[in-house]
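Peer 1: Questions regarding the structure given below will be posed in turn.
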Amino acid sequence: MSEKATDTPDRSDRPEQRGPAGLLLRHPDGSSFRFDPGALCLELLPTGGPGALAYFEVLHEPADLVRWAGESRLPDGLGPGGGPGPGQGSALVVSAGEVADARLLRDALWRLAEDHVAGNPPGPDDLATLNEAAARPPLTARLTPGRGREWAPGGTGAGLLSTVARDAVDLFTGAYAHRIRTCGAHGCRLLFVDTSRPGRRRWCSMERCGNRHKVRAHRARRTAADA
């Protein structure tokens, strides 16, 4: 999201797969970059959003939400075929109604996070949406005989959204709440929590906005020198 959403298709960057340094966001022009927002709840935001961001919606059907869960920072095992036990097929079953709930929660998270960064009080409707999702039973993890981690059968979209919402409550009330930031690039609205030790992160990704800033600064220095 390196330009204004109303001007370019950059907000159609969407999570394609999980990598060692975060989600891989792929742009329609074929370029891609790693983006690690530092929190599960903020990983939901690049799937679309309210207002003009609705143009870039990618959560259309249950398979889309299941795919996002598998690409997120949640431990492996939520995607198709990841369910424990014979015949489970998937550790996560999502209904069409739960996809609509996911979009509702995501849009509320956008506004809550941007209000938080701006120092504004949370909107009461968005707060209610978050708290309602968090009040439902979350996904259940369990220990395997081999001391591994797996998801208990019966995971639902509602459980996934509860897990995301509880993560948001922890983020907004936790030690890193003051480090929730918007990317410093002009027009980029991607949000992240700076978990680095020095706390100096400015960009959604050094591959994308950070590199663009360096290129612009270099060109500006050359222009000034030539002048």
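Bear in mind these aren't lab numbers, they're just calculated from the coordinates by the rules spelled out. Quantities reported herein were computed from a predicted structural model and do not represent experimental measurements. Backbone-built Cβ (ideal geometry, glycine too); neighbour counts: all protein chains shown.
Peer 1: Label the stretch 118-192 by shape, choosing from rounded, prolate and oblate, from the square roots a ≥ b ≥ c of the eigenvalues of the Cα gyration tensor; if a/c is under 1.5 it is rounded, and otherwise prolate applies when a/b is larger than b/c, oblate when it is not.
Peer 2: Prolate, because a/c is 1.5 or more and a/b exceeds b/c.
Peer 1: So, one more: Going by a ≥ b ≥ c, the root eigenvalues of the Cα gyration tensor, does the stretch 78-207 fall in the rounded group (a/c under 1.5), the prolate group (a/b larger than b/c) or the oblate group?
Peer 2: Here the stretch 78-207 falls in the prolate category.
Peer 1: Taking the Cβ of S95 as the centre, find all other residues whose Cβ is under 11 Å away and add up their charges (Lys, Arg: +1; Asp, Glu: -1).
Peer 2: -3
Peer 1: Please give me the summed charge of the neighbours of G148: other residues whose Cβ is under 15 Å from its Cβ, Lys and Arg +1, Asp and Glu -1.
Peer 2: Numbers: positive: R142, R147, R149; negative: D76, E150.
Residues close to G148 contribute a combined charge of +1.
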